[in-house]
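See structure below.
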Amino acid sequence: MIFDFRFWHYFGRQGELIHNLQNTEVRNFNRRLAWILALGVLVFALREIWGMNTASLTPLFAAGMWDEYTLARWTSLVGTLLWAGLYLTFHSYITAFLFSKWTKMTWRAAIVMQSYVVAVLVIEKALVFLLFVVFGFTTTLSMFSFGPMAATFIELPNQSVNHFLTYFFNQLTIFTALIIAFQYRYVRSFTEFSPRWILFILLTLHILVALFVASFSLLPLTDMLRGFTEGGTILE
């Protein structure tokens, strides 16, 4: 038996999809996944073209350094596309590979599961970008996360700790809960682990990822980049 994979048809029918994966062969999955990845790259590209994360290039524009500004924007776009490729590849193929190895679930089930995870991440980024376009400005915090709430109510004497906690809670969104729900259902259906153990592991993994991402907020990246640029100028 063979069934055709239709992404939106099964988005709200995960039980039916899991049943089909357990009993039949899937067809047209790779094509659908390719479309998801392509849309993800497009979202990243549109965000960059619109001007997200390019505030550091504004002084070049203000100084009338058109050639340098144009080159910097193209370089930034290329870097964004490369990052988009790495980001989407990690959350699809690499994460699916890790799940298949750690939980012993089938590769096909793991990659299908992660296709929905990637789709949720792309939808989140697209919605945040759309709201930024509508309101005409950007923020470092997502309105779908607990980051704004943390920034409002957490007031500790140490500003670095405040900054870290804000970015940590910024990684925990309503979409994170949806992703955990997807992964929990698939891992539970294709493994023999205890449901409580599965939920504990998934929550722990997402919290660790949030801690890892938030830790970069403590790194003086701007000073490091400035020092690197100044060093290059001196060598020239």
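Worth pointing out:
- Selection count, segment 21-50, where residues are farther than 30 Å from L71 by Cβ and either modelled with pLDDT of 90 or more or exposed (fewer than 13 other Cβ atoms within 10 Å of the Cβ) (or both): 14
Rundown of residues vs (1) assigned by the TED database to the domain that holds F3; (2) under 18 Å from V213 (Cβ atoms), yes/no style:
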{"residue": "W83", "(1), (2)": "yes, yes"}
{"residue": "T103", "(1), (2)": "yes, no"}
{"residue": "S160", "(1), (2)": "no, yes"}
{"residue": "Q171", "(1), (2)": "no, yes"}
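- Within the option set T138, T80, T70, T75, being surrounded by 16 or more Cβ atoms within 10 Å (Cβ to Cβ) and in a helix (DSSP H, G or I) holds for one residue only, T80.
- Any hit, segment 132-144, residues being out of contact with any Lys or Arg (no Cβ under 9 Å at 6 or more places or on another chain), at pLDDT 85 or above and under 30 Å from N30 (Cβ atoms): no
- Per-region count, segment 141-150, residues open to solvent by 100 Å² or more (accessible area, probe 1.4 Å) and either in contact with a Ser or Thr (Cβ under 8 Å, 6 or more places away or on another chain) or among the β-branched types (V, I, T) (or both): 1
- Among (1) open to solvent by 40 Å² or more (accessible area, probe 1.4 Å); (2) among the acidic types (D, E); (3) modelled with pLDDT of 80 or more, the one test that E124 misses: (1)
- Counting only helices (runs of 4 or more DSSP H) that fall entirely inside segment 142-214 and contain at least 2 residues that are in contact with a Gly (Cβ under 8 Å, 6 or more places away or on another chain), the qualifying elements are 159-170.
The values are calculated or read from the model by the stated rules, or taken from the named source; none is laboratory data. No experiment lies behind these values; they were computed from the predicted model shown. Positions of Cβ are backbone-derived with ideal geometry, glycine not excepted, and every protein chain shown enters the neighbour counts. Remember, those area values only see protein heavy atoms, side chains included, never the ligands or the DNA or RNA. Shrake-Rupley method; radii C 1.70, N 1.55, O 1.52, S 1.80 Å.
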